[in-house]
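The structure appears below as structure tokens.
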Amino acid sequence: MSQSGFDSPDRDRTPAPFPSPLAQPSLTPPAPIHMPPSAPAPLQAKAPARSGRSGPLWIGGILVLLLIALVGYFLTFIGTGASLLGAILALIPLAGVLFAIRIVDKWEPEPRGLVAFAIAWGAIGAVAIALGVDLLLSLVLGPRDTEAAEILQTVVQAPIVEEFAKGLGILILYATARRAFDGPVDGIVYGALIGAGFAFTENIQYFAISYIEGGVGQASVTFFVRGIMSPFAHVMFTSVTGFAVGLAARRGATTRQAIGPWLLGLVGAIALHSFWNATAVFTDFFSVYLVLQVPLFVLFIIGVLALRREETRLTRKRLGEYAAAGWFTPQEVDMLATPAGRKAGLAWARTLRGDRTPIMKSFISDATALAMARQRTVTGRDPNAVNDERALLTRMAAARAALLSV
């Protein structure tokens with residue numbers, strides 16, 4: 001396995017270590033990396049086990065019941081036509097947000113079941129909790145039709161209740177599928193998915209009510225403000241909570257140990273949400289949006305890119321360990337771990353007989369998952385990661401053989 005079609009003479013170098021403030025401590029000696037077999041398995045090699053990487057079915061059942069209740073709520077208090085219009089408009093920013101999240105999570109996508117759960121929790125579970133709390137407070141405190149009450153609801157109640165409800169989904173994911181949490185990037189992705197789901201359902205209500213009260217004109221204005229100017233607002237808020245939980249995952253925290261970081265992240269998400277809402281209540285929203293909110297969003301993007309860069313460094317380092325054992329060449333490590341290398345690898349795969357781009361994509365994706373599995377082994381936080389390593393190595397050896405076959 002020392003030579004392959006991916007070698008490049010001008011890139012013959014071994015990945016160097018990349019010290020980072022996010023580096024994880026080694027808690028236990030990792031399992032040794034075995035030498036590669038002389039004969040790779042068929043390409044249809046079995047994928048890693050899903051144990052510890054899927055949410056509980058009973059929560060899905062509860063979400064289905066809550067969905068029925070939410071549909072009844074919209075049809076009863078808003079109406080079929082307006083609700084349908086609101087849902088169609090809400091799909092537009094949702095599609096854009098999900099596309100952006102997919103770019104962030106392209107090479108190590110989270111399990112589809114957990115992606116669906118995260119979106120569903122935001123769109124159904126978190127919304128149901130927020131509506132339930134609002135209804136309960138209305139019954140206890142009576143009508144809140146004064147200006148002071150509306151301000152309190154917008155700046156204090158909504159941020160606290162909504163971020164708690166969304167953040168609860170992140171904690172449930174961590175408790176039930178902790179093996180799918182590899183670090184801050186995963187936490188941000190799950191938080192973003194939950195935030196996107198919440199914004200989708202919330203937008204249905206906003207767009208529908210705007211149409212009922214002011215027709216197409218007011219609905220268009222609301223769509224511009226929420227769907228064009230700030231589609232990432234809830235995504236950004238809840239990502240703060242996800243980032244904190246992701247850091248806890250990187251340190252090998254148990255669910256109980258992750259509650260502290262979760263609460264800290266929740267405080268950050270609530271503060272950011274409250275600040276965002278306050279600018280709409282107390283100031284000229286459009287001016288503050290340009291002066292503060294846009295730079296804040298830019299900083300958020302820079303932070304995500306920095307975390308992606310750290311993930312690339314970690315991937316190169318871990319794959320370098322497999323290269324030392326003979327599984328890959330140093331040039332393959334560069335191809336599998338770096339954006340430029342992946343682009344070059346995909347371009348090369350397109351030139352092969354029959355266009356083997358899908359095989360190359362699988363090869364790169366499995367390599368990223370392999371690096372994360374190795375990291376879980378190195379930090380000692382996942383005893384089952386060694387099984388993932390073996391399955392992924394088998395799949396990658398089969399993929400390489402398929403790529404290089406005549």
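The values are calculated or read from the model by the stated rules, or taken from the named source; none is laboratory data. Computed from a predicted structure; not experimentally measured. Ideal geometry is used to build each Cβ from the backbone, glycine not excepted, and the neighbour counts take in all protein chains shown.
Quick notes
- Residue check for Leu264: free of Cβ contacts under 8 Å to residues at least 40 places away in the same chain, not in a loop (DSSP other than H, G, I, E, B) and not hydroxyl-bearing (Ser, Thr, Tyr): yes
- Any hit, segment 347-355, residues being of a type outside the set (D, E, K, R), outside the structural domain of Ile103 (by TED's automatic domain parsing) and surrounded by 23 or more Cβ atoms within 10 Å (Cβ to Cβ): no
- Lone qualifier among Ile259, Ile209, Ile204 - being part of a helix (DSSP H, G or I), of a type in the set (Val, Ile, Thr), crowded, with 23+ Cβ neighbours inside 10 Å and out of contact with any Lys or Arg (no Cβ under 6 Å at 6 or more places or on another chain): Ile204
- Scope segment 168-182; condition surrounded by 21 or more Cβ atoms within 10 Å (Cβ to Cβ), in contact (Cβ under 8 Å) with a residue 60 or more places away in the chain and under 17 Å from Ala269 (Cβ atoms); matching residues: Ile170, Leu173, Tyr174
- Boolean, Val235 is part of a helix (DSSP H, G or I), of a type in the set (A, V, I, L, M) and within 30 Å of Gly79 (Cβ to Cβ): yes
- Residue match in segment 385-404 (condition: surrounded by fewer than 20 Cβ atoms within 10 Å (Cβ to Cβ) and without any contact (Cβ under 8 Å) to a residue 60 or more places away in the chain): yes
- Subset tally (residues that are of a type in the set (Val, Ile, Thr) and crowded, with 20+ Cβ neighbours inside 10 Å) for segment 215-232: 1
One line per residue, one yes/no per condition, for (1) part of a helix (DSSP H, G or I); (2) touching a strand residue (DSSP E or B) at 6+ places or on another chain (Cβ under 9 Å); (3) loosely packed, with under 13 Cβ neighbours inside 10 Å:
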position	(1), (2), (3)
Ile62	yes, no, no
Arg102	yes, no, yes
Ala128	yes, no, no
Pro143	no, no, yes
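- Which listed residue is free of Cβ contacts under 8 Å to residues at least 24 places away in the same chain and charged (D, E, K, R), from Arg313, Arg309, Arg381, Arg374: Arg309
- Verdict on Val185 being of a type outside the set (Lys, Arg), modelled with pLDDT under 90 and either buried (at least 24 other Cβ atoms within 10 Å of the Cβ) or in contact with a Leu (Cβ under 6 Å, 6 or more places away or on another chain) (or both): yes
- Which listed residue, of Ala148, Ala165, Ala118, Ala87, is part of a helix (DSSP H, G or I) and either of a type in the set (Asp, Glu) or without any contact (Cβ under 8 Å) to a residue 12 or more places away in the chain (or both): Ala148
- Counted residues, segment 347-388 - those being touching a Lys or Arg at 6+ places or on another chain (Cβ under 6 Å), farther than 19 Å from Glu110 by Cβ and of a type outside the set (Ser, Thr, Tyr): 1
- Residue check, Gly96 surrounded by fewer than 16 Cβ atoms within 10 Å (Cβ to Cβ), assigned by TED's automatic domain parsing to the domain that holds Arg256 and either in contact with a strand residue (DSSP E or B) (Cβ under 9 Å, 6 or more places away or on another chain) or on the phi > 0 side of the Ramachandran plot (or both): no
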